[in-house]
Amino acid sequence: MGEWANGLCGCMSNCTLCLITYIAPCYTAGKNAEAVGDSCIMVAVVWYLFPAAGAYLCAKVRGKIREQHQIEGGFGGDCLVHLFCPICALVQDAQQIRPGETTQGESMARE
């Protein structure tokens, strides 16, 4: 079985992603959902308006990520992580989906 690319508290390995998620967690939640084939807008709006329901949807997305990467775990654990540490969970999910991805600002070269 596989493992998570980063630990739950490993969000600072990509400071830009961490900052974006801290400021607009619904954006990261939507992008994570989009990456596994779910509705970006639906997850983002539900996460913004109803955080508990958003945690449920994000736990479903996390389950799909675990399946794709063959990571052990269960839906109950996914729900608990997204309820009690949502920012860290969203960042961990995003880092697993898009490992080593940089944002546009980080990839710009100096002239």
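The table for this structure:
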quantity: Residues satisfying the stated conditions in the range 43-63, i.e. over 14 Å from the mean Cα position of the chain (by Cα), within 16 Å of Cys85 (Cα to Cα) and open to solvent by less than 60 Å² (accessible area, probe 1.4 Å); calculated: Ala53
quantity: Long-range neighbours under 6 Å by Cβ, at least six apart or interchain, first residue open to solvent by less than 60 Å² (accessible area, probe 1.4 Å) within the range 3-27, second assigned to a helix (DSSP H, G or I) and among the hydroxyl-bearing types (Ser, Thr, Tyr); calculated: Asn6/Ser13; Thr21/Thr28; Cys26/Tyr48
quantity: Tally, over the range 43-70, of residues that are assigned to a helix (DSSP H, G or I), without any contact (Cβ under 8 Å) to a residue 12 or more places away in the chain and more than 18 Å from Gln95 (Cα to Cα); calculated: 3
quantity: Output for the range 28-42, where each listed residue is among the β-branched types (Val, Ile, Thr) and either assigned to a helix (DSSP H, G or I) or open to solvent by 70 Å² or more (accessible area, probe 1.4 Å) (or both); calculated: Thr28, Ile41
quantity: In the range 71-106, residue modelled with the lowest pLDDT [restricted to those that are assigned to a helix (DSSP H, G or I) and open to solvent by 80 Å² or more (accessible area, probe 1.4 Å)]; calculated: Gln104
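The values are calculated or read from the model by the stated rules, or taken from the named source; none is laboratory data. On a predicted model such as this, the values are computed, not experimentally measured, just so you know. Positions of Cβ are generated from backbone atoms using ideal geometry, with glycine treated the same way; all protein chains shown enter the neighbour counts. These accessible areas exclude ligands, DNA and RNA; they are computed on the full protein's heavy atoms, side chains included. Shrake-Rupley method; radii C 1.70, N 1.55, O 1.52, S 1.80 Å.
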